[in-house]
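A.B. asks: Starting off with a structure, shown below.
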Amino acid sequence: MIRSALLKSMNGYIDGNWCPADADRTVPVINPATGETIAIVPVMGRDETNRAVDAAARTLKTPASIEQRRKWLSRLADLMTQHRDELGRIITHEHGKPLAEAQAEVDYAASFFRYYAGCVDHLQPKQLSERPRNHTWTVYYRPAGVAALITPWNFPLAMLAKKFSAALVADCCCVIKPSSKTPLSMIALFSLIEQIGLPPGKANLVLGPAGEISDALCEHPAVRVISFTGSTSVGKKLIAKTAPHLKRLALELGGNAPFIVFDDADVDHAVDQLMANKFRGAGQTCVCANRVYVQQGIADTFSEKLAACVNAIKVGNGMEAGITMGPLIDRKAFDKVKRHVDDAISQGAVRVAGAVPIEPQPNQGCFFPPTVLRGITAQMECVNDETFGPLAPIIEFQSEAEVIEAANRTEYGLAAYVFTASDERAARVIPRLSFGHVGHNTGSGPTAEAPFGGMKHSGFGREGGLEGIHDFIETQTVPRP
Ligand code: NAP
(Lines give C-alpha, C1' and ligand atoms only; values in the text may rest on other atoms or scores of the structure.)
Protein backbone atom coordinates (compact mmCIF):
# COMPACT_ATOMS: atom_id res chain seq x y z
CA MET A 1 0.00 0.00 0.00
CA ILE A 2 1.24 3.48 -0.82
CA ARG A 3 1.99 5.78 2.12
CA SER A 4 2.10 9.53 1.76
CA ALA A 5 1.49 12.59 3.91
CA LEU A 6 -0.74 13.80 1.07
CA LEU A 7 -2.90 10.66 1.22
CA LYS A 8 -4.08 10.74 4.81
CA SER A 9 -7.68 10.38 3.70
CA MET A 10 -8.46 7.91 0.91
CA ASN A 11 -11.83 9.51 0.33
CA GLY A 12 -13.83 11.84 -1.82
CA TYR A 13 -14.36 15.45 -0.74
CA ILE A 14 -17.80 17.06 -0.62
CA ASP A 15 -18.86 20.43 0.77
CA GLY A 16 -15.54 21.00 2.52
CA ASN A 17 -15.33 17.56 4.14
CA TRP A 18 -13.68 14.25 3.37
CA CYS A 19 -16.46 11.71 2.84
CA PRO A 20 -16.13 8.50 4.79
CA ALA A 21 -15.85 5.44 2.61
CA ASP A 22 -18.65 2.91 2.29
CA ALA A 23 -16.79 -0.31 3.03
CA ASP A 24 -19.03 -2.28 0.65
CA ARG A 25 -18.31 -0.25 -2.46
CA THR A 26 -14.61 0.15 -3.15
CA VAL A 27 -12.22 -0.09 -6.06
CA PRO A 28 -8.52 -1.01 -5.92
CA VAL A 29 -5.85 1.23 -7.40
CA ILE A 30 -3.24 -0.88 -9.17
CA ASN A 31 0.40 0.05 -9.73
CA PRO A 32 0.76 -0.78 -13.44
CA ALA A 33 4.49 -1.46 -13.03
CA THR A 34 4.02 -4.22 -10.46
CA GLY A 35 0.37 -5.26 -10.62
CA GLU A 36 0.13 -4.58 -6.86
CA THR A 37 -2.88 -2.99 -5.21
CA ILE A 38 -1.52 0.25 -3.76
CA ALA A 39 -4.78 1.67 -2.37
CA ILE A 40 -8.47 0.97 -1.99
CA VAL A 41 -10.76 3.92 -2.65
CA PRO A 42 -14.51 4.30 -2.25
CA VAL A 43 -16.92 4.04 -5.15
CA MET A 44 -19.40 6.88 -5.02
CA GLY A 45 -22.72 6.96 -6.76
CA ARG A 46 -25.67 9.14 -7.61
CA ASP A 47 -26.37 10.28 -4.02
CA GLU A 48 -22.86 11.52 -3.34
CA THR A 49 -22.67 13.16 -6.77
CA ASN A 50 -25.96 14.98 -6.26
CA ARG A 51 -24.78 16.13 -2.83
CA ALA A 52 -21.57 17.45 -4.38
CA VAL A 53 -23.51 19.33 -7.08
CA ASP A 54 -25.93 20.78 -4.50
CA ALA A 55 -23.00 21.98 -2.39
CA ALA A 56 -21.39 23.57 -5.46
CA ALA A 57 -24.69 25.23 -6.42
CA ARG A 58 -25.03 26.75 -2.93
CA THR A 59 -21.49 28.12 -2.98
CA LEU A 60 -22.06 29.63 -6.40
CA LYS A 61 -24.49 32.10 -4.80
CA THR A 62 -21.59 33.88 -3.08
CA PRO A 63 -19.29 35.31 -5.76
CA ALA A 64 -15.56 35.53 -5.07
CA SER A 65 -13.69 38.73 -5.87
CA ILE A 66 -11.12 38.81 -8.64
CA GLU A 67 -8.39 39.37 -6.04
CA GLN A 68 -9.56 36.38 -4.03
CA ARG A 69 -9.43 34.14 -7.08
CA ARG A 70 -5.91 35.32 -7.88
CA LYS A 71 -4.79 34.38 -4.36
CA TRP A 72 -6.35 30.90 -4.52
CA LEU A 73 -4.72 30.13 -7.87
CA SER A 74 -1.27 31.40 -6.86
CA ARG A 75 -1.36 29.63 -3.52
CA LEU A 76 -2.32 26.31 -5.11
CA ALA A 77 0.44 26.65 -7.72
CA ASP A 78 2.97 27.33 -4.97
CA LEU A 79 1.81 24.37 -2.88
CA MET A 80 2.02 22.06 -5.90
CA THR A 81 5.57 23.19 -6.59
CA GLN A 82 6.46 22.76 -2.93
CA HIS A 83 5.12 19.17 -3.02
CA ARG A 84 6.31 18.32 -6.55
CA ASP A 85 8.43 15.36 -5.49
CA GLU A 86 5.65 13.74 -3.48
CA LEU A 87 2.95 14.42 -6.07
CA GLY A 88 5.30 13.01 -8.71
CA ARG A 89 5.87 9.87 -6.64
CA ILE A 90 2.12 9.34 -6.35
CA ILE A 91 1.64 9.78 -10.12
CA THR A 92 4.41 7.28 -10.84
CA HIS A 93 2.83 4.72 -8.51
CA GLU A 94 -0.62 4.91 -10.06
CA HIS A 95 0.28 5.65 -13.70
CA GLY A 96 3.71 4.06 -14.11
CA LYS A 97 5.56 6.91 -15.87
CA PRO A 98 9.19 7.54 -14.81
CA LEU A 99 9.53 9.74 -11.74
CA ALA A 100 11.22 12.62 -13.58
CA GLU A 101 8.38 12.63 -16.09
CA ALA A 102 5.80 12.58 -13.29
CA GLN A 103 7.50 15.52 -11.57
CA ALA A 104 7.51 17.38 -14.90
CA GLU A 105 3.75 16.74 -15.04
CA VAL A 106 3.41 18.41 -11.64
CA ASP A 107 5.33 21.47 -12.90
CA TYR A 108 3.16 21.56 -16.00
CA ALA A 109 -0.03 21.28 -13.94
CA ALA A 110 1.11 24.07 -11.58
CA SER A 111 1.89 26.31 -14.59
CA PHE A 112 -1.84 26.46 -15.43
CA PHE A 113 -2.78 27.78 -11.97
CA ARG A 114 0.07 30.28 -12.18
CA TYR A 115 -0.91 31.38 -15.69
CA TYR A 116 -4.57 31.92 -14.82
CA ALA A 117 -3.62 33.76 -11.62
CA GLY A 118 -2.05 36.28 -14.00
CA CYS A 119 -5.18 36.46 -16.18
CA VAL A 120 -7.89 37.36 -13.71
CA ASP A 121 -7.94 41.00 -14.80
CA HIS A 122 -9.27 39.94 -18.20
CA LEU A 123 -12.52 39.14 -16.39
CA GLN A 124 -13.02 42.69 -15.13
CA PRO A 125 -16.21 44.26 -16.61
CA LYS A 126 -15.63 46.15 -19.86
CA GLN A 127 -17.39 49.20 -21.33
CA LEU A 128 -18.06 49.16 -25.07
CA SER A 129 -16.10 51.90 -26.78
CA GLU A 130 -19.15 52.84 -28.92
CA ARG A 131 -22.41 53.88 -27.24
CA PRO A 132 -25.09 52.14 -29.34
CA ARG A 133 -28.54 53.75 -28.85
CA ASN A 134 -26.77 56.37 -26.73
CA HIS A 135 -26.60 53.88 -23.89
CA THR A 136 -23.58 52.91 -21.82
CA TRP A 137 -22.93 49.22 -22.37
CA THR A 138 -21.11 47.14 -19.82
CA VAL A 139 -20.00 43.60 -20.54
CA TYR A 140 -19.73 41.31 -17.50
CA TYR A 141 -18.17 37.87 -17.35
CA ARG A 142 -20.22 35.73 -14.98
CA PRO A 143 -19.36 32.19 -13.88
CA ALA A 144 -21.19 29.73 -16.13
CA GLY A 145 -22.40 27.75 -13.10
CA VAL A 146 -21.55 24.42 -11.57
CA ALA A 147 -18.89 22.75 -13.73
CA ALA A 148 -18.36 19.00 -13.85
CA LEU A 149 -14.76 18.13 -14.68
CA ILE A 150 -14.16 14.56 -15.89
CA THR A 151 -10.58 13.49 -16.55
CA PRO A 152 -8.56 10.54 -17.91
CA TRP A 153 -5.70 8.55 -16.38
CA ASN A 154 -2.90 9.44 -18.79
CA PHE A 155 -2.01 12.75 -17.09
CA PRO A 156 -3.82 12.27 -13.77
CA LEU A 157 -2.92 15.73 -12.46
CA ALA A 158 -2.34 17.86 -15.54
CA MET A 159 -5.61 17.14 -17.35
CA LEU A 160 -7.52 18.29 -14.28
CA ALA A 161 -5.27 21.30 -13.69
CA LYS A 162 -6.12 22.69 -17.13
CA LYS A 163 -9.84 22.64 -16.43
CA PHE A 164 -9.88 23.46 -12.75
CA SER A 165 -7.59 26.50 -13.07
CA ALA A 166 -9.80 27.98 -15.81
CA ALA A 167 -12.99 27.15 -13.88
CA LEU A 168 -11.61 28.79 -10.71
CA VAL A 169 -10.56 31.97 -12.48
CA ALA A 170 -14.09 32.17 -13.89
CA ASP A 171 -15.46 31.67 -10.33
CA CYS A 172 -17.30 28.44 -11.15
CA CYS A 173 -17.85 25.79 -8.48
CA CYS A 174 -16.68 22.34 -9.47
CA VAL A 175 -17.43 18.67 -9.13
CA ILE A 176 -14.36 16.70 -10.16
CA LYS A 177 -14.39 13.07 -11.30
CA PRO A 178 -10.94 11.62 -12.03
CA SER A 179 -10.39 8.29 -13.76
CA SER A 180 -10.97 5.42 -11.34
CA LYS A 181 -7.59 4.05 -12.48
CA THR A 182 -5.67 7.05 -11.11
CA PRO A 183 -7.59 8.76 -8.30
CA LEU A 184 -4.65 9.13 -5.89
CA SER A 185 -3.03 12.22 -7.38
CA MET A 186 -6.45 13.90 -7.19
CA ILE A 187 -6.89 12.96 -3.52
CA ALA A 188 -3.39 14.36 -2.92
CA LEU A 189 -4.30 17.55 -4.77
CA PHE A 190 -7.37 17.96 -2.58
CA SER A 191 -5.20 17.75 0.52
CA LEU A 192 -3.44 20.84 -0.89
CA ILE A 193 -6.71 22.47 -2.00
CA GLU A 194 -7.84 22.19 1.64
CA GLN A 195 -5.01 24.53 2.57
CA ILE A 196 -5.83 27.40 0.20
CA GLY A 197 -8.99 28.52 1.96
CA LEU A 198 -11.66 27.79 -0.66
CA PRO A 199 -15.22 28.03 0.70
CA PRO A 200 -16.89 24.62 1.27
CA GLY A 201 -18.54 23.42 -1.94
CA LYS A 202 -16.20 25.35 -4.26
CA ALA A 203 -14.32 22.19 -5.24
CA ASN A 204 -15.74 18.70 -4.69
CA LEU A 205 -14.22 15.33 -5.49
CA VAL A 206 -16.28 12.26 -6.38
CA LEU A 207 -14.52 8.93 -6.82
CA GLY A 208 -15.33 5.74 -8.68
CA PRO A 209 -16.07 4.52 -12.19
CA ALA A 210 -18.28 6.68 -14.42
CA GLY A 211 -21.75 4.99 -14.44
CA GLU A 212 -23.95 6.57 -11.78
CA ILE A 213 -21.59 9.52 -11.28
CA SER A 214 -21.61 10.61 -14.91
CA ASP A 215 -25.36 10.00 -15.22
CA ALA A 216 -25.98 12.25 -12.22
CA LEU A 217 -23.69 14.95 -13.63
CA CYS A 218 -25.43 14.81 -17.01
CA GLU A 219 -28.90 15.03 -15.48
CA HIS A 220 -28.57 17.41 -12.51
CA PRO A 221 -30.13 20.75 -13.53
CA ALA A 222 -27.53 22.79 -11.62
CA VAL A 223 -24.64 21.44 -13.71
CA ARG A 224 -24.23 23.96 -16.54
CA VAL A 225 -20.88 22.88 -17.99
CA ILE A 226 -19.31 19.48 -18.48
CA SER A 227 -15.64 19.66 -19.36
CA PHE A 228 -14.41 16.24 -20.39
CA THR A 229 -11.05 14.87 -21.45
CA GLY A 230 -10.99 11.29 -22.66
CA SER A 231 -11.89 9.06 -25.56
CA THR A 232 -13.97 10.13 -28.52
CA SER A 233 -16.42 7.28 -27.89
CA VAL A 234 -17.21 8.54 -24.38
CA GLY A 235 -17.34 12.12 -25.67
CA LYS A 236 -20.08 11.08 -28.10
CA LYS A 237 -22.01 9.39 -25.28
CA LEU A 238 -21.84 12.61 -23.28
CA ILE A 239 -23.26 14.58 -26.20
CA ALA A 240 -26.20 12.17 -26.43
CA LYS A 241 -26.76 12.04 -22.65
CA THR A 242 -26.68 15.79 -22.13
CA ALA A 243 -28.73 16.75 -25.21
CA PRO A 244 -32.10 16.65 -23.38
CA HIS A 245 -30.62 18.80 -20.61
CA LEU A 246 -28.90 21.30 -22.93
CA LYS A 247 -25.59 21.51 -21.11
CA ARG A 248 -22.51 23.25 -22.37
CA LEU A 249 -19.84 20.72 -23.30
CA ALA A 250 -16.10 21.14 -23.68
CA LEU A 251 -14.61 17.99 -25.18
CA GLU A 252 -10.91 17.14 -25.39
CA LEU A 253 -10.97 13.81 -27.18
CA GLY A 254 -8.73 11.32 -28.94
CA GLY A 255 -6.08 11.97 -31.58
CA ASN A 256 -4.25 10.34 -34.47
CA ALA A 257 -1.32 12.70 -34.93
CA PRO A 258 0.71 12.72 -38.14
CA PHE A 259 4.42 13.54 -37.71
CA ILE A 260 5.65 14.68 -41.13
CA VAL A 261 9.35 14.88 -41.98
CA PHE A 262 10.29 16.39 -45.36
CA ASP A 263 13.62 15.55 -46.96
CA ASP A 264 15.04 19.04 -46.34
CA ALA A 265 14.51 18.71 -42.55
CA ASP A 266 17.27 18.38 -39.96
CA VAL A 267 16.98 14.62 -39.48
CA ASP A 268 18.77 14.44 -36.11
CA HIS A 269 16.55 17.16 -34.72
CA ALA A 270 13.39 15.49 -36.06
CA VAL A 271 14.42 12.16 -34.51
CA ASP A 272 15.13 13.83 -31.13
CA GLN A 273 11.77 15.55 -31.20
CA LEU A 274 9.96 12.35 -32.17
CA MET A 275 11.63 10.46 -29.31
CA ALA A 276 10.45 13.04 -26.76
CA ASN A 277 7.02 13.30 -28.33
CA LYS A 278 6.27 9.64 -28.98
CA PHE A 279 7.59 7.72 -25.97
CA ARG A 280 6.61 10.07 -23.12
CA GLY A 281 4.05 8.24 -20.97
CA ALA A 282 4.88 5.07 -22.96
CA GLY A 283 3.09 6.60 -25.94
CA GLN A 284 -0.14 7.04 -23.98
CA THR A 285 -0.68 10.71 -24.80
CA CYS A 286 -3.32 12.25 -27.02
CA VAL A 287 -0.79 14.51 -28.78
CA CYS A 288 1.88 11.94 -29.54
CA ALA A 289 2.75 10.97 -33.10
CA ASN A 290 0.57 8.06 -34.20
CA ARG A 291 1.74 8.05 -37.83
CA VAL A 292 5.28 9.00 -38.84
CA TYR A 293 5.40 10.20 -42.47
CA VAL A 294 8.96 10.38 -43.81
CA GLN A 295 9.84 11.57 -47.33
CA GLN A 296 11.38 8.78 -49.37
CA GLY A 297 14.87 10.25 -49.86
CA ILE A 298 15.61 10.31 -46.11
CA ALA A 299 13.56 7.28 -45.00
CA ASP A 300 16.56 4.93 -44.55
CA THR A 301 18.66 7.44 -42.60
CA PHE A 302 15.71 8.54 -40.48
CA SER A 303 14.66 4.96 -39.66
CA GLU A 304 18.20 3.88 -38.70
CA LYS A 305 18.69 6.86 -36.40
CA LEU A 306 15.27 6.41 -34.85
CA ALA A 307 15.81 2.67 -34.32
CA ALA A 308 19.13 3.34 -32.53
CA CYS A 309 17.46 5.80 -30.14
CA VAL A 310 14.47 3.52 -29.53
CA ASN A 311 16.69 0.53 -28.75
CA ALA A 312 18.40 2.68 -26.07
CA ILE A 313 15.13 3.27 -24.15
CA LYS A 314 15.24 1.64 -20.69
CA VAL A 315 11.86 0.10 -19.91
CA GLY A 316 10.87 -0.70 -16.33
CA ASN A 317 9.40 0.52 -13.06
CA GLY A 318 9.35 4.32 -13.20
CA MET A 319 10.52 4.54 -9.58
CA GLU A 320 13.87 2.94 -10.47
CA ALA A 321 16.83 5.11 -11.45
CA GLY A 322 17.72 5.10 -15.13
CA ILE A 323 14.29 3.95 -16.36
CA THR A 324 13.13 6.08 -19.30
CA MET A 325 9.82 4.39 -20.11
CA GLY A 326 7.25 2.76 -17.83
CA PRO A 327 4.51 0.18 -18.40
CA LEU A 328 1.19 0.51 -20.18
CA ILE A 329 -1.76 1.24 -17.92
CA ASP A 330 -3.31 -2.24 -18.10
CA ARG A 331 -3.70 -5.47 -20.03
CA LYS A 332 -6.32 -3.98 -22.36
CA ALA A 333 -3.85 -1.30 -23.43
CA PHE A 334 -1.14 -3.94 -23.98
CA ASP A 335 -3.47 -6.04 -26.13
CA LYS A 336 -4.36 -3.05 -28.32
CA VAL A 337 -0.74 -2.12 -29.07
CA LYS A 338 0.08 -5.76 -29.75
CA ARG A 339 -2.90 -6.05 -32.09
CA HIS A 340 -1.69 -3.01 -34.06
CA VAL A 341 1.84 -4.44 -34.34
CA ASP A 342 0.62 -7.92 -35.29
CA ASP A 343 -1.81 -6.53 -37.85
CA ALA A 344 0.92 -4.46 -39.51
CA ILE A 345 3.45 -7.32 -39.56
CA SER A 346 0.86 -9.72 -40.96
CA GLN A 347 0.41 -7.28 -43.86
CA GLY A 348 4.12 -6.96 -44.63
CA ALA A 349 5.50 -4.36 -42.18
CA VAL A 350 9.00 -4.94 -40.80
CA ARG A 351 10.10 -4.43 -37.19
CA VAL A 352 13.26 -2.28 -37.21
CA ALA A 353 13.41 -1.66 -33.45
CA GLY A 354 11.89 -3.36 -30.43
CA ALA A 355 11.61 -6.94 -29.25
CA VAL A 356 8.65 -9.26 -29.61
CA PRO A 357 6.37 -8.37 -26.65
CA ILE A 358 6.17 -10.85 -23.79
CA GLU A 359 2.65 -11.65 -22.56
CA PRO A 360 2.18 -10.00 -19.16
CA GLN A 361 1.56 -12.42 -16.31
CA PRO A 362 -1.18 -11.80 -13.73
CA ASN A 363 0.05 -9.49 -10.96
CA GLN A 364 2.90 -8.16 -13.07
CA GLY A 365 3.35 -4.97 -15.04
CA CYS A 366 2.26 -4.65 -18.67
CA PHE A 367 5.53 -3.63 -20.30
CA PHE A 368 5.54 -3.22 -24.06
CA PRO A 369 8.87 -2.91 -25.92
CA PRO A 370 9.13 0.43 -27.73
CA THR A 371 8.80 -0.50 -31.38
CA VAL A 372 9.51 1.00 -34.81
CA LEU A 373 7.90 -0.53 -37.90
CA ARG A 374 8.65 0.19 -41.56
CA GLY A 375 6.66 -0.74 -44.63
CA ILE A 376 3.44 0.68 -43.20
CA THR A 377 0.55 1.20 -45.60
CA ALA A 378 -2.67 3.18 -45.42
CA GLN A 379 -5.08 0.32 -44.65
CA MET A 380 -3.25 -0.92 -41.56
CA GLU A 381 -4.94 -0.56 -38.18
CA CYS A 382 -2.11 1.51 -36.65
CA VAL A 383 -2.68 4.20 -39.30
CA ASN A 384 -6.41 4.43 -38.77
CA ASP A 385 -6.78 4.06 -35.01
CA GLU A 386 -5.07 5.73 -32.04
CA THR A 387 -2.56 3.10 -30.81
CA PHE A 388 -1.97 4.82 -27.45
CA GLY A 389 1.28 2.95 -26.92
CA PRO A 390 5.00 2.94 -27.79
CA LEU A 391 4.73 2.14 -31.49
CA ALA A 392 6.22 4.41 -34.18
CA PRO A 393 4.98 3.26 -37.60
CA ILE A 394 6.93 4.79 -40.50
CA ILE A 395 5.07 5.55 -43.71
CA GLU A 396 7.08 6.75 -46.70
CA PHE A 397 5.74 9.46 -48.99
CA GLN A 398 6.87 11.23 -52.14
CA SER A 399 5.07 14.53 -52.56
CA GLU A 400 3.70 17.39 -50.47
CA ALA A 401 0.19 16.96 -51.87
CA GLU A 402 0.23 13.23 -51.13
CA VAL A 403 1.27 13.65 -47.49
CA ILE A 404 -1.26 16.43 -46.81
CA GLU A 405 -4.02 14.23 -48.15
CA ALA A 406 -2.83 11.21 -46.12
CA ALA A 407 -2.37 13.22 -42.89
CA ASN A 408 -5.92 14.58 -43.11
CA ARG A 409 -7.40 11.15 -43.89
CA THR A 410 -8.61 10.64 -40.32
CA GLU A 411 -11.67 11.66 -38.37
CA TYR A 412 -9.36 13.10 -35.69
CA GLY A 413 -7.85 16.58 -35.70
CA LEU A 414 -5.90 17.16 -32.50
CA ALA A 415 -2.15 17.48 -33.10
CA ALA A 416 0.19 17.30 -36.10
CA TYR A 417 3.89 18.01 -36.62
CA VAL A 418 5.76 19.28 -39.67
CA PHE A 419 9.55 19.23 -40.07
CA THR A 420 11.07 21.15 -42.96
CA ALA A 421 13.88 23.65 -43.51
CA SER A 422 11.66 25.64 -45.86
CA ASP A 423 9.43 28.33 -44.36
CA GLU A 424 7.63 28.60 -47.71
CA ARG A 425 6.75 24.93 -47.61
CA ALA A 426 5.59 25.17 -43.98
CA ALA A 427 3.41 28.15 -44.91
CA ARG A 428 1.81 26.08 -47.69
CA VAL A 429 1.35 22.86 -45.71
CA ILE A 430 0.30 23.98 -42.22
CA PRO A 431 -2.91 25.83 -43.18
CA ARG A 432 -4.02 22.76 -45.10
CA LEU A 433 -3.71 20.44 -42.09
CA SER A 434 -6.98 20.06 -40.17
CA PHE A 435 -5.48 19.86 -36.70
CA GLY A 436 -5.84 22.24 -33.76
CA HIS A 437 -2.13 22.11 -32.86
CA VAL A 438 0.62 21.93 -35.51
CA GLY A 439 4.22 21.79 -34.25
CA HIS A 440 6.56 23.38 -36.82
CA ASN A 441 10.01 21.82 -36.39
CA THR A 442 9.05 20.88 -32.85
CA GLY A 443 7.32 17.92 -31.23
CA SER A 444 6.20 20.05 -28.28
CA GLY A 445 2.67 19.75 -27.05
CA PRO A 446 0.44 22.35 -25.39
CA THR A 447 1.40 24.94 -22.80
CA ALA A 448 -0.61 27.04 -20.32
CA GLU A 449 -0.30 30.23 -22.38
CA ALA A 450 -1.59 28.78 -25.67
CA PRO A 451 -5.16 27.69 -26.48
CA PHE A 452 -5.15 23.97 -27.25
CA GLY A 453 -7.89 21.71 -28.55
CA GLY A 454 -9.11 19.58 -31.37
CA MET A 455 -10.95 19.78 -34.66
CA LYS A 456 -13.40 17.20 -36.04
CA HIS A 457 -13.81 14.13 -33.76
CA SER A 458 -11.05 15.35 -31.45
CA GLY A 459 -13.62 17.58 -29.81
CA PHE A 460 -14.43 21.23 -29.30
CA GLY A 461 -13.47 23.99 -26.91
CA ARG A 462 -9.95 25.04 -25.99
CA GLU A 463 -7.85 24.66 -22.86
CA GLY A 464 -5.05 27.05 -21.93
CA GLY A 465 -4.73 30.66 -23.03
CA LEU A 466 -7.52 33.17 -22.58
CA GLU A 467 -9.71 30.94 -24.76
CA GLY A 468 -9.52 28.31 -22.00
CA ILE A 469 -11.71 30.52 -19.81
CA HIS A 470 -14.51 30.79 -22.40
CA ASP A 471 -16.09 27.45 -21.53
CA PHE A 472 -16.54 28.55 -17.94
CA ILE A 473 -18.04 32.03 -18.34
CA GLU A 474 -21.36 33.48 -19.37
CA THR A 475 -21.13 36.89 -20.98
CA GLN A 476 -23.79 39.31 -19.77
CA THR A 477 -24.37 42.72 -21.34
CA VAL A 478 -25.98 45.57 -19.44
CA PRO A 479 -27.08 48.66 -21.43
CA ARG A 480 -28.28 51.72 -19.52
CA PRO A 481 -29.32 55.15 -20.72
P1 NAP B 1 -12.05 7.32 -21.26
O2 NAP B 1 -12.20 5.87 -21.14
O3 NAP B 1 -12.92 8.05 -22.19
O4 NAP B 1 -12.21 7.89 -19.76
C5 NAP B 1 -12.04 9.25 -19.45
C6 NAP B 1 -12.87 9.60 -18.22
O7 NAP B 1 -14.25 9.43 -18.55
C8 NAP B 1 -12.61 8.71 -17.01
O9 NAP B 1 -12.77 9.49 -15.84
C10 NAP B 1 -13.74 7.69 -17.11
O11 NAP B 1 -14.10 7.15 -15.86
C12 NAP B 1 -14.87 8.54 -17.64
N13 NAP B 1 -15.93 7.81 -18.33
C14 NAP B 1 -15.91 6.54 -18.80
N15 NAP B 1 -17.11 6.23 -19.37
C16 NAP B 1 -17.89 7.33 -19.24
C17 NAP B 1 -19.23 7.65 -19.61
N18 NAP B 1 -20.01 6.79 -20.25
N19 NAP B 1 -19.70 8.89 -19.33
C20 NAP B 1 -18.91 9.80 -18.69
N21 NAP B 1 -17.64 9.56 -18.31
C22 NAP B 1 -17.13 8.35 -18.58
O23 NAP B 1 -10.55 7.72 -21.66
P24 NAP B 1 -9.19 7.23 -21.03
O25 NAP B 1 -8.93 5.84 -21.44
O26 NAP B 1 -9.16 7.56 -19.57
O27 NAP B 1 -8.16 8.23 -21.74
C28 NAP B 1 -7.60 7.97 -22.99
C29 NAP B 1 -8.24 8.81 -24.07
O30 NAP B 1 -8.22 10.18 -23.69
C31 NAP B 1 -7.48 8.75 -25.37
O32 NAP B 1 -8.37 8.60 -26.45
C33 NAP B 1 -6.77 10.10 -25.45
O34 NAP B 1 -6.46 10.53 -26.75
C35 NAP B 1 -7.75 10.98 -24.77
N36 NAP B 1 -7.11 12.20 -24.28
C37 NAP B 1 -7.36 13.38 -24.92
C38 NAP B 1 -6.73 14.54 -24.48
C39 NAP B 1 -6.96 15.86 -25.18
O40 NAP B 1 -6.47 16.88 -24.68
N41 NAP B 1 -7.67 15.90 -26.28
C42 NAP B 1 -5.86 14.49 -23.40
C43 NAP B 1 -5.65 13.28 -22.77
C44 NAP B 1 -6.29 12.12 -23.21
P45 NAP B 1 -13.78 5.65 -15.40
O46 NAP B 1 -12.76 5.11 -16.36
O47 NAP B 1 -13.28 5.81 -14.03
O48 NAP B 1 -15.07 4.92 -15.46
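The values are calculated or read from the model by the stated rules, or taken from the named source; none is laboratory data. Just so it is clear, the structure is predicted and the values come from calculations on it, not from any experiment. When we count neighbours, we look across all protein chains shown, and the Cβ atoms used for this are built from the backbone with ideal geometry, even at glycine.
A.B. asks: Of the residues that sit in region 171-189 and are within 16 Å of the ligand (Cβ to nearest atom) and hydrophobic (A, V, I, L, M, F, W, C), which one is farthest from K71 (Cα to Cα)? Before the answer, list the steps.
C.D. replies: Within region 171-189, the first condition is being within 16 Å of the ligand (Cβ to nearest atom), and the residues that meet it are 174-187, 189.
The next check asks that each one be hydrophobic (A, V, I, L, M, F, W, C); those that pass are 174-176, 184, 186-187, 189.
Working: C174: 18, V175: 21, I176: 21, L184: 25, M186: 21, I187: 22, L189: 17 Å.
Checking each candidate, the answer is L184.
A.B. asks: Residues that are closer than 23 Å to G118 by Cα, assigned by TED's automatic domain parsing to the domain that holds T62 and within 10 Å of the ligand (Cβ to nearest atom): does region 222-230 have at least one?
C.D. replies: Here is the first cut: in region 222-230, the residues closer than 23 Å to G118 by Cα are 227.
Cutting the leftovers down to assigned by TED's automatic domain parsing to the domain that holds T62 gives us 227.
Filter once more, keeping what is within 10 Å of the ligand (Cβ to nearest atom): none.
Within region 222-230, not a single residue is closer than 23 Å to G118 by Cα, assigned by TED's automatic domain parsing to the domain that holds T62 and within 10 Å of the ligand (Cβ to nearest atom).
A.B. asks: Would you point out which residue out of S129, S165 is in the same structural domain as G468 (by TED's automatic domain parsing), free of Cβ contacts under 8 Å to residues at least 24 places away in the same chain and away from the ligand (no atom under 13 Å from the Cβ)? Lay out the reasoning, then the answer.
C.D. replies: Values: S165 fails: free of Cβ contacts under 8 Å to residues at least 24 places away in the same chain.
Going through S129, S165 in turn, the sole match is S129.
A.B. asks: Let me ask you something else. Could you look through region 176-207, keep only residues that are small (G, A, S) and closer than 13 Å to I150 by Cβ, and pick out the one that is nearest to the chain's Cα centre (by Cα)?
C.D. replies: First, the residues of region 176-207 that are small (G, A, S): 179-180, 185, 188, 191, 197, 201, 203.
From the residues that got through so far, the ones that are closer than 13 Å to I150 by Cβ too are 179-180.
Numbers: S179: 12, S180: 15 Å.
The qualifying residue nearest to the chain's Cα centre (by Cα) is S179.
A.B. asks: Still on this structure, please answer the following. Taking D263, is it free of Cβ contacts under 8 Å to residues at least 60 places away in the same chain, in contact with a helix residue (DSSP H, G or I) (Cβ under 8 Å, 6 or more places away or on another chain) and in a loop (DSSP other than H, G, I, E, B)? I'd like the intermediate steps shown before the answer.
C.D. replies: Values: free of Cβ contacts under 8 Å to residues at least 60 places away in the same chain: yes; in contact with a helix residue (DSSP H, G or I) (Cβ under 8 Å, 6 or more places away or on another chain): yes; in a loop (DSSP other than H, G, I, E, B): yes.
Against the criterion (free of Cβ contacts under 8 Å to residues at least 60 places away in the same chain, in contact with a helix residue (DSSP H, G or I) (Cβ under 8 Å, 6 or more places away or on another chain) and in a loop (DSSP other than H, G, I, E, B)), D263 qualifies.
A.B. asks: Applying the selection to region 232-248, what residues are of a type outside the set (D, E, K, R), over 23 Å from G443 (Cβ atoms) and within 11 Å of the ligand (Cβ to nearest atom)? It would help to see each step written out before you state the result.
C.D. replies: Filtering region 232-248 for residues of a type outside the set (D, E, K, R) gives 232-235, 238-240, 242-246.
Imposing the further condition that a residue be over 23 Å from G443 (Cβ atoms) reduces the set to 233-235, 238-240, 242-246.
Those that are of a type outside the set (D, E, K, R), over 23 Å from G443 (Cβ atoms) and within 11 Å of the ligand (Cβ to nearest atom): S233, V234, G235, L238, I239, A240, T242.
A.B. asks: If you don't mind, another one. Looking only at region 147-162, how many residues end up being more than 22 Å from Q103 (Cα to Cα) and either free of Cβ contacts under 8 Å to residues at least 24 places away in the same chain or small (G, A, S) (or both)?
C.D. replies: So the answer is 2.
A.B. asks: Would region 263-286 turn up any residue that is within 10 Å of the ligand (Cβ to nearest atom), at negative phi and of a type in the set (A, V, I, L, M, F, W, C)? Let's see the steps before the verdict.
C.D. replies: In the first step, residues of region 263-286 are kept if they are within 10 Å of the ligand (Cβ to nearest atom); the result is 281, 284-286.
Pick out the ones that are also at negative phi and you get 284-286.
Then drop every residue that is not of a type in the set (A, V, I, L, M, F, W, C), which leaves 286.
Yes, the conditions are met somewhere in region 263-286.
A.B. asks: Can you tell me which residue is nearest to I376 (Cα to Cα) among those in region 401-432 that are in a helix (DSSP H, G or I) and in contact with an Asp or Glu (Cβ under 8 Å, 6 or more places away or on another chain)?
C.D. replies: V429
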